[in-house]
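Asker: This is the structure I have questions about; it appears just below.
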Amino acid sequence: MSHLDELINKRRSIRKYKTDVPPEDWINSMIRYAAMAPSPKNSRPVRFIKIVSPESRDNLYRAMANGQKRRLQSAQKSSTPNKLKNRINMYWRFSKFMFDAPVLFAVGAVSPERGSSGKLPRTGINKKVGRGDTDIDITVGLAVKGFLLKGEELGLGTCIMTAPFTFVRDVENILGIEDVKIKCFVTVGFPDEKPDAPERINVADICREI
Ligand SMILES: Cc1cc2nc3c(=O)[nH]c(=O)nc-3n(C[C@H](O)[C@H](O)[C@H](O)COP(=O)(O)O)c2cc1C
């Protein structure tokens, strides 16, 4: 098996971490790999925002916990309150471990309307022919993949997360971020669990000829 095969096969989403904080230069090398990812016209819009201040973490936690409470309350009014409550609790479970991770990033992209990469969007052409945020979402995904794989090579666990957006929509506002649209969170740390490999689909299922 090649080194790349091994990294890709071994990587799992890690939701339980040891308390040790990974060395900063390891994290920086993960970000360097993220920065190597392709981007439209080499516009390099992806930004990793490390959430370190206790105040920012607290603000985010409180906003998410309030969001969960509100959603549970409105679930009561649904015709299937238990089903909905279970779903909300599941999303909460897949969100709140982020606050126990030694390193937490909000990851997003600067607006394409800013800077030289925004020439086309500014003409309005992209609004007519484009597919909204697709380019940005692809670009963030590619950068995060580089980040996760370098983490795997270093023996660090990671998890990409969007479940928190179930509870908070105005993440940028809560974190005081003005120039980056946040697309996901990413946790990092030394793994304290060994999840089983989830089921995958094979080449014939994922690929076809037309
Ligand atoms: C866009 C995206 C969002 C995700 N959001 C979450 C999340 O909010 N919480 C979580 O625990 N896992 C999240 N995951 C991780 C997936 O659950 C995980 O990748 C999947 O179950 C496959 O497991 P593996 O990563 O170990 O191969 C997310 C993955 C992706 C790609």
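The values are calculated or read from the model by the stated rules, or taken from the named source; none is laboratory data. Just so it is clear, the structure is predicted and the values come from calculations on it, not from any experiment. Virtual Cβ from ideal backbone geometry, glycine too; neighbours counted across all protein chains shown. The protein model used for the area step is the full one, side chains on, heavy atoms only, and it has no ligands, DNA or RNA in it. Shrake-Rupley method; radii C 1.70, N 1.55, O 1.52, S 1.80 Å.
Asker: Condition check: more than 16 Å from the ligand (Cβ to nearest atom) and at pLDDT below 95. Does Gly132 satisfy that? Steps first, answer last, please.
Answerer: On the way: more than 16 Å from the ligand (Cβ to nearest atom): yes; at pLDDT below 95: yes.
So Gly132 passes the test.
Asker: For a quick check of your reading of the model, give me the residue pairs whose first member lies in the stretch 41-64 and is over 22 Å from Met30 (Cα atoms), whose second is modelled with pLDDT of 95 or more and aromatic (Phe, Trp, Tyr), with beta-carbon atoms closer than 6 Å and at least 6 apart or on different chains.
Answerer: From the stretch 41-64, the pairs are Tyr61/Phe99; Met64/Phe167.
Asker: Ok, one more. Considering only residues of the stretch 1-40 that are within 16 Å of the ligand (Cβ to nearest atom) and assigned to a loop (DSSP other than H, G, I, E, B), which is surrounded by the fewest Cβ atoms within 10 Å (Cβ to Cβ)?
Answerer: Lys16
Asker: Let me ask something additional. Starting from residues that are within 12 Å of the ligand (Cβ to nearest atom) and open to solvent by 60 Å² or more (accessible area, probe 1.4 Å), keep the ones in the stretch 83-99 and report whichever is farthest from Asp58 (Cα to Cα). Outline the logic, then answer.
Answerer: If we filter the stretch 83-99 for residues that are within 12 Å of the ligand (Cβ to nearest atom), which is where we start, we get 90-98.
Next, from what is left, pick out any that are open to solvent by 60 Å² or more (accessible area, probe 1.4 Å): 90-91, 93-94, 96.
On the way: Met90: 21, Tyr91: 19, Arg93: 18, Phe94: 18, Lys96: 12 Å.
Across the stretch 83-99, the extreme among qualifying residues is Met90.
Asker: Here's a follow-up. Read through the list (1) open to solvent by 40 Å² or more (accessible area, probe 1.4 Å); (2) more than 16 Å from the ligand (Cβ to nearest atom); (3) touching a helix residue (DSSP H, G or I) at 6+ places or on another chain (Cβ under 6 Å), then give the number of the only condition that Ser43 fails.
Answerer: Answer for Ser43: the failing condition is (1).
Asker: So in the stretch 175-193, with the set limited to residues that are farther than 23 Å from Gly141 by Cβ and more than 11 Å from the ligand (Cβ to nearest atom), which one is surrounded by the most Cβ atoms within 10 Å (Cβ to Cβ)? Can you show your working first?
Answerer: In the first step, residues of the stretch 175-193 are kept if they are farther than 23 Å from Gly141 by Cβ; the result is 176, 178, 190, 192-193.
Adding the requirement that they be more than 11 Å from the ligand (Cβ to nearest atom) leaves 176, 178, 190, 192.
Details: Gly176: 10, Glu178: 7, Phe190: 16, Asp192: 14.
Across the stretch 175-193, the extreme among qualifying residues is Phe190.
Asker: Counting just the residues of the stretch 155-166 that are more than 8 Å from the ligand (Cβ to nearest atom) and surrounded by 22 or more Cβ atoms within 10 Å (Cβ to Cβ), which one comes out farthest from the chain's Cα centre (by Cα)?
Answerer: Out of the qualifying residues, it is Leu156.
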